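Below: the structure, in structure tokens.
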Amino acid sequence: MTLRCELNINNGTRRVIIVGTDEETHEHLALRLAAAALFFGGDPVEPGPSDPLLADIGFQPDLLVPDGVGGIKVWIECGNVAMNKLTKVARRVKEGRLIVIKESRDAGLRQRELVNKEIRNPEKVEIWAWPREEFARWNSSLKENNYIYGETSGRSLNLVLNESAFSVDLIPC
């Protein structure tokens, strides 16, 4: 599935195409679009495996915000992410933030519990979770062609996605 999106956020405009792989769920694409909206001001990218920013890391994020000087400002994972990957990325991304966006508070709390057990500095991993009902509405509002306008700030979305209005604060877990 492919999501074609026109984003008009915080007085900026950008067209985004989110191409899903065969094994990616609709929910994962919805989380990736939400991440693109949340980090709109940082010019997020979906790096490929040969991207020089990833040379010493060995993994690809769902979304990445470059720092503008050859480093990583924000590494973003959406939905399910293997603990092995999170552990290694947390060690290898020295200066940047590492954020995981989950589809519900329960999923976020489960992820937090694992991170606290398995990662040396668990505070390095930020976990943001959607209120379950709001994410279900966001996910069901998506079409093949999408139009989003409004504002984002930090973990807050104040947007209209197609015909549906959202005023959501993601929950830190």
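Annotations for the structure displayed:
- Ser164 vs. criteria exposed (fewer than 15 other Cβ atoms within 10 Å of the Cβ), at pLDDT 95 or above, polar (S, T, N, Q) and more than 16 Å from Ala30 (Cα to Cα): no
- Test for Ala165: is it among the small types (Gly, Ala, Ser) and part of a strand (DSSP E or B): yes
Yes or no, residue by residue, for (1) surrounded by fewer than 16 Cβ atoms within 10 Å (Cβ to Cβ); (2) within 25 Å of Ser153 (Cβ to Cβ):
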{"site": "Leu33", "(1), (2)": "no, yes"}
{"site": "Ala37", "(1), (2)": "no, yes"}
{"site": "Asp56", "(1), (2)": "yes, no"}
{"site": "Pro61", "(1), (2)": "no, yes"}
{"site": "Val74", "(1), (2)": "no, yes"}
{"site": "Lys88", "(1), (2)": "yes, no"}
{"site": "Gly96", "(1), (2)": "no, yes"}
{"site": "Glu118", "(1), (2)": "yes, no"}
{"site": "Glu123", "(1), (2)": "yes, yes"}
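The rows are residues; the columns are (1) among the polar types (S, T, N, Q); (2) touching a residue at least 12 places away in the same chain (Cβ under 8 Å); (3) touching a helix residue (DSSP H, G or I) at 6+ places or on another chain (Cβ under 9 Å).
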residue: Ile18; (1), (2), (3): no, yes, yes
residue: Glu24; (1), (2), (3): no, yes, yes
residue: Ala36; (1), (2), (3): no, yes, no
residue: Val65; (1), (2), (3): no, yes, yes
residue: Glu77; (1), (2), (3): no, yes, yes
residue: Ala82; (1), (2), (3): no, no, no
residue: Ala90; (1), (2), (3): no, yes, yes
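Residues are listed down the side, and each one gets a yes or a no for (1) surrounded by fewer than 19 Cβ atoms within 10 Å (Cβ to Cβ); (2) at pLDDT below 95; (3) not hydroxyl-bearing (Ser, Thr, Tyr):
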position	(1), (2), (3)
Val100	no, no, yes
Ser140	yes, no, no
Asn145	yes, no, yes
Thr152	no, no, no
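- Picking from residues in the stretch 158-173 that are touching a residue at least 60 places away in the same chain (Cβ under 8 Å) and in contact with a Phe, Trp or Tyr (Cβ under 6 Å, 6 or more places away or on another chain), the one that is farthest from Glu126 (Cα to Cα) is Leu159.
- Some residue of the stretch 128-140 being in contact (Cβ under 8 Å) with a residue 40 or more places away in the chain and in a loop (DSSP other than H, G, I, E, B): yes
- Thr87 vs. criteria of a type in the set (S, T, N, Q) and not in a helix (DSSP H, G or I): no
- Taken across the stretch 104-112, residues that are more than 24 Å from Glu24 (Cβ to Cβ), in contact with a strand residue (DSSP E or B) (Cβ under 9 Å, 6 or more places away or on another chain) and basic (Lys, Arg) do not occur at all.
The values are calculated or read from the model by the stated rules, or taken from the named source; none is laboratory data. What you see is a predicted model; the values in this text were computed from it and never measured. Glycine also receives a Cβ, built like all others from the backbone with ideal geometry; neighbour counts cover every protein chain displayed.
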